Structures are given as structure tokens and as C-alpha cells.
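Visitor: A single structure is presented below for examination.
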Amino acid sequence: MNKMAQKLAPSGVARDFGFFIDGEWRHGREMFERKSPSHDVIVTRIARCTEDDLNDAVAAARRAFENGTWAGLASSERSAILLKTAELLKQRRDDIAFWEVLENGKPISQAKAEIDNCISCFEMAAGAARLLHGDSFNNLGESLFGMVLREPVGVVGLITPWNFPFMILCERVPFILASGCTVVVKPAEVTSATTLMLADILTEAGLPKGVYNVVTGTGKSVGQALTQHPDVDMLSFTGSTGVGRSCIHASADSNLKKLGLELGGKNPIVVFADSDLEDAADAVAFGISFNTGQCCVSSSRLIVEESVADKFEKLVVAKMEKIRVGDPFDPETQIGAITTDAQNKTILDYIEKGKAEGARVLCGGNKVDLGRGQYIAPTLFTNVKPDMSIATDEIFGPVLSVFRFSTLEEAISLANDTVYGLAASVWTKDISKALKVTRKVQAGRFWVNTIMAGGPEMPLGGFKQSGWGREAGMYGVEEYTQIKSVHVDLGKRTHWIA
Ligand code: ADP
């Protein structure tokens, strides 16, 4: 470990967090502890909120929505607070990154880059707040004029996962706030710190009380109660497809709250023989290993043209073997720890299943022992059959399966051979091939000769069982609005009853 890493490593003193309702911090009656997955030491103590706490949070969000202290502001005023938040995030970037690394295990360099993206989300949403508008119809005849108003949905529940705790939060919160809604956030229980830290920053930026509230605790308790809450108008959930399905049931059984869902993926990366194979191999290795593959847009299925497949596999192996797995506080580290014990077990189980089902490991396939924490080597499986569990299931780890194709149609059919449709990537120098694949492959996010590129202008979300709705960009703000059609009569009424 180099000097910088030593300086930043956890001190062994855990930080206690309260939870945040109606502009005030509250203490939890019960707390639970979070260990750093990279260092095996307790780093945070988080409140186990109760259903009463959740009810208070929703009530505060409701009051703040109805009293107009937020939705009633001019968009320029909302925008100014979002911009101020961006400024404050710039000042606190390293501190937020530090806590993100401690709870999540991702490399510090990556965590800082993610916070830069979060800053950009607030800046983008500040602009979007001012651009949000409705429509008008001047073509309804002499006596009728039509207006289409966009109104904020109201109180939004936001449930976030542990893989990108702060980034997924910031791909949603600024856009929710830009629309004029208020929010109750329930972060993943293992990574609550940075969501709580945002509360102080928003308050300092001038956000009125009750607009941003955070309750902490498990998905089964406070998370589920949020999905079922009758006074929550919309729920944005990011996580597994299984829990996404339970959000749909909860909405149906409560108040039919509107849902935004970003769920699982088993994303294809299609590589044609005519692509720049060196570039493509680097993207393939990055696409599956970034954030240790704990990423819903990870490209976990490599679909490569038969004529170059043997050569290409070797290029990918050479890249994957060079990835630096290590202590996340070492600035040289490229991939850090697996975030939860359960996820660590899930990934290792899938690796064993892949071997047992007859797939062949070309690299990785094992834990990496750094003396503390839990790490897994980037793993490449070949000889993968479409019905193997490593071919069909979202593993959420650095485990890549290779498939081969001979024709463009076969590549498209392999790419679509999944219940998911979150993201896809295609590599070729032939523009018509690239566009044919882009048109036919079902995915909410598409990359041509690149991977995981983007910014807050571009919407996020999935096709098929990868979800409903879109986050970020203008689409992301509009998602948190509802439409009202207003009909204005300009003339004298023609009486129905003479
Ligand atoms: P993972 O399996 O990767 O942990 P989850 O979908 O279980 O992903 O978790 C994503 C988020 O959903 C977390 O904040 C978690 O606490 C929450 N969650 C888990 N189960 C439920 C549930 N039944 N209802 C609502 N939220 C849940």
C-alpha cells in the first residue's frame, strides 16, 4: 500500500449517523453497523428506522409539497439552489468519496470521478428546471383554446441500491427536485452514509425543510413500507428485478402510485471482425470489470464474430489479467472489493456453477487474497451454452461469458436472447452494421464503438424486464411530472338544454 492509501485507510473509529426528517436530524433508537468490505473494520453505524419514522418522513414531504415552499417557487429559484448544491459538492467531493469507498469498496479514483458526474447532474437539473414547460393548442377552433400543463407528481419515494450509492442518488434527486416534487429516500442499508451527507449539503444550499428526507434501514422493513405507503405519489426504485416486481404489487395493492423502475441487465457487447480489436478488447475488459461488475449496465455477454473469436479471446484475457485488483484507497487500484458478503458468495457460486456446467475458465475464476476484505479476479468463461445459468442470470460480478456468431442476424438474435433490455454495445467500422444492430437490439442504452459513455443529458432506463420509465435528462424531469389538459372556452356557450 502506498503512502496515500495509508493516510486514507479507515481509522477504526466508526461514524454514527442519524436520519433526516423535516430539516432535522433524529437519532435512531436502534442502530446497525457497517463494515468496510475492503478492510473488515466497522466504519459506520446507521439508524434502523421504524414505520413510525417513515410515516413522519412522508408526512413532512407531504407538508413541504402542499405548502408550496418548493413547488411554488419560480424555476429560477429552484435552479439557484440546485446550482449552489453543485458548488458545495465540489468543495466536499473528497470527503464524500472517502465515505463512499469505505462503505462500498470501490476505488477512490473512481469514486471521485462519480462525484464529478453527480455535480454535473445537479448542474444539468438546474438548467432543466428552467426549461420545464407544457404545451398549447391554438388549433382547436375559434372558441376553444388548449393548454397542457406539467405539474409535479407530488411526494416521491426513492429506493436506491449499494453499487453506486451516491451516483444513482444524484441521477435522480436533482431531477426530482427540478420538477418541484419532494422526496423520501431509502438508501441501501450497507451504503447509507453519502445519502445522509447530501442532506446537510442541500440544507446549506437553501433547500426548504421537508423537501429532502432520508430514512435508513433494511429493504424488507422500511423499504417495503415505503413501496406500500398510501401517501407516496410515485416511487423510483433501482435494484433487482425481483424487488422491482414487488414494487409493482405494492403499488397495485396500495394507491396505484406511479413507478419508475431501473432493474437488472444481462447486457450484450457485440464485436464484429472489422472492428478495432485492440480497442474493443479494452472496452470488453472494462465493461465487465468496472465497479467489479456490480453494475446493472455491465456488458456481461461478449458476442464475437467467429472468424476472430480465438484471437479476440486472447486479447481480452491479456487485458483482464492486467487489471489491478487492490485496496481501494491505493490510487493505482482499478477494481476494489465486492460490496456485500451475500454478493461475494453469489458471484463465487456462479463461477462454480459455470465450471460445473461445462464452461471453460480462460482467466480468473477465483478469489484474490489481499489479507483483508473480499476480492474476486476478473473472470472470462468460454464454451458457454445459452441455457447455462452464467449465460442467462445477472451475476452482478466480474464474470464474462463468450458467445460466437457467424451472421449479423445471429448476432442480433443472441443479443436479444435475454429477458432483460438495459444496455448494449456494438463494435464495427461499418456504419450500416452498427445501425442495424442498434435498431434491432432491445436496450434502453446503446453504445457504438464505446462503452458506458454518457452524461446527465442522456436518459437512463430499460426495455423488457429491465424496467419502466427513464431517469436523467429532460426525460428524467418530465418523468416526475403529470400532465393536465386545460380546455378554455373563448366564446358563448351553445346551450344543450334549450
Ligand atoms: P440487491 O439484491 O442487489 O441488494 P435489492 O433490489 O435487494 O438489490 O436492493 C436494492 C434496494 O432495495 C435496497 O435499498 C434495498 O434495501 C431495497 N429493498 C430490498 N428489498 C426490498 C423490498 N422488499 N421492498 C422495498 N425495498 C427493498
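The values are calculated or read from the model by the stated rules, or taken from the named source; none is laboratory data. In this text, all values refer to a predicted model and were calculated from it rather than measured experimentally. Quick reminder, even Gly has a Cβ in these numbers, built from the backbone with ideal geometry, and neighbours come from all protein chains shown. The accessibility values were calculated without ligands, DNA or RNA, using every heavy atom of the protein model including side chains. Shrake-Rupley method; radii C 1.70, N 1.55, O 1.52, S 1.80 Å.
Visitor: If a residue has to be of a type outside the set (Gly, Ala, Ser) and in contact with a Leu (Cβ under 8 Å, 6 or more places away or on another chain) to count, how many in region 349-385 make the cut?
Guide: 10
Visitor: Right, something else. Determine, yes or no, whether Glu479 is charged (D, E, K, R), under 21 Å from the mean Cα position of the chain (by Cα) and farther than 30 Å from Gln334 by Cα.
Guide: For Glu479, the condition - charged (D, E, K, R), under 21 Å from the mean Cα position of the chain (by Cα) and farther than 30 Å from Gln334 by Cα - is met.
Visitor: As an exercise: evaluate Ser289 against (1) touching a Phe, Trp or Tyr at 6+ places or on another chain (Cβ under 9 Å); (2) open to solvent by less than 10 Å² (accessible area, probe 1.4 Å) and give the number of the one condition it does not meet.
Guide: Here Ser289 meets the rest and fails (1).
Visitor: So, one more: Of the conditions (1) of a type outside the set (Val, Ile, Thr); (2) assigned to a loop (DSSP other than H, G, I, E, B); (3) in contact with a strand residue (DSSP E or B) (Cβ under 9 Å, 6 or more places away or on another chain), Leu177 fails just one. Which one is it?
Guide: Evaluating Leu177 over (1) of a type outside the set (Val, Ile, Thr); (2) assigned to a loop (DSSP other than H, G, I, E, B); (3) in contact with a strand residue (DSSP E or B) (Cβ under 9 Å, 6 or more places away or on another chain) leaves (2) as the failure.
Visitor: Go through region 206-224 and report how many residues are more than 8 Å from the ligand (Cβ to nearest atom) and touching an Asp or Glu at 6+ places or on another chain (Cβ under 6 Å).
Guide: 3
Visitor: Still on this model: From the list Lys353, Lys319, pick out the single residue that is surrounded by fewer than 16 Cβ atoms within 10 Å (Cβ to Cβ) and not aliphatic (A, V, I, L, M).
Guide: After applying the criteria, what remains is Lys353.
Visitor: Take Thr339 and tell me if it is more than 16 Å from the ligand (Cβ to nearest atom), outside any helix (DSSP H, G or I) and either more than 20 Å from the chain's Cα centre (by Cα) or within 27 Å of Leu226 (Cβ to Cβ) (or both).
Guide: Spelling it out, it is not the case that Thr339 is more than 16 Å from the ligand (Cβ to nearest atom), outside any helix (DSSP H, G or I) and either more than 20 Å from the chain's Cα centre (by Cα) or within 27 Å of Leu226 (Cβ to Cβ) (or both).
Visitor: Is it the case that some residue within region 274-285 is surrounded by fewer than 24 Cβ atoms within 10 Å (Cβ to Cβ) and either at pLDDT below 95 or in contact with a Cys (Cβ under 9 Å, 6 or more places away or on another chain) (or both)?
Guide: Scanning region 274-285, I find no residue that is surrounded by fewer than 24 Cβ atoms within 10 Å (Cβ to Cβ) and either at pLDDT below 95 or in contact with a Cys (Cβ under 9 Å, 6 or more places away or on another chain) (or both), so the answer is no.
Visitor: In region 225-233, is there at least one residue being open to solvent by less than 10 Å² (accessible area, probe 1.4 Å), within 9 Å of the ligand (Cβ to nearest atom) and within 25 Å of Ile395 (Cβ to Cβ)?
Guide: no
Visitor: Taking only region 382-399 into account, find how many residues are closer than 23 Å to Asp341 by Cα and touching a Gly at 6+ places or on another chain (Cβ under 8 Å).
Guide: Within region 382-399, residues that are closer than 23 Å to Asp341 by Cα and touching a Gly at 6+ places or on another chain (Cβ under 8 Å) number 8.
Visitor: What is the number of the single condition among (1) within 16 Å of the ligand (Cβ to nearest atom); (2) touching a helix residue (DSSP H, G or I) at 6+ places or on another chain (Cβ under 7 Å) that Gly239 does not meet?
Guide: Going through the list (1) within 16 Å of the ligand (Cβ to nearest atom); (2) touching a helix residue (DSSP H, G or I) at 6+ places or on another chain (Cβ under 7 Å), Gly239 breaks only (2).
Visitor: Looking only at region 148-191, which residues are open to solvent by 10 Å² or more (accessible area, probe 1.4 Å) and more than 16 Å from the ligand (Cβ to nearest atom)?
Guide: Scanning region 148-191 gives Val148, Leu149, Arg150, Glu151, Pro152, Val153.
Visitor: Cβ-Cβ distance below 7 Å, separation of 6 or more or different chains: which pairs start in region 402-415 with a residue that is assigned by TED's automatic domain parsing to the domain that holds Pro386 and modelled with pLDDT of 95 or more and end on one that is assigned to a helix (DSSP H, G or I) and among the acidic types (Asp, Glu)?
Guide: Matching pairs, first to second residue: Val402/Glu313; Arg404/Glu306; Phe405/Glu306; Ser406/Glu306.
Visitor: Being touching a His at 6+ places or on another chain (Cβ under 7 Å) and either under 20 Å from Ser109 (Cβ atoms) or not assigned by TED's automatic domain parsing to the domain that holds Trp99 (or both) is true for just one of Gly373, Gly365, Gly358. Which residue is that?
Guide: Gly373
Visitor: Counting just the residues of region 244-271 that are β-branched (Val, Ile, Thr) and touching a residue at least 40 places away in the same chain (Cβ under 8 Å), which one comes out nearest to the ligand (Cβ to nearest atom)?
Guide: Among those residues, the one meeting the criterion is Ile269.
Visitor: In region 463-498, which residues are assigned to a strand (DSSP E or B), open to solvent by 50 Å² or more (accessible area, probe 1.4 Å) and among the small types (Gly, Ala, Ser)?
Guide: Ser485
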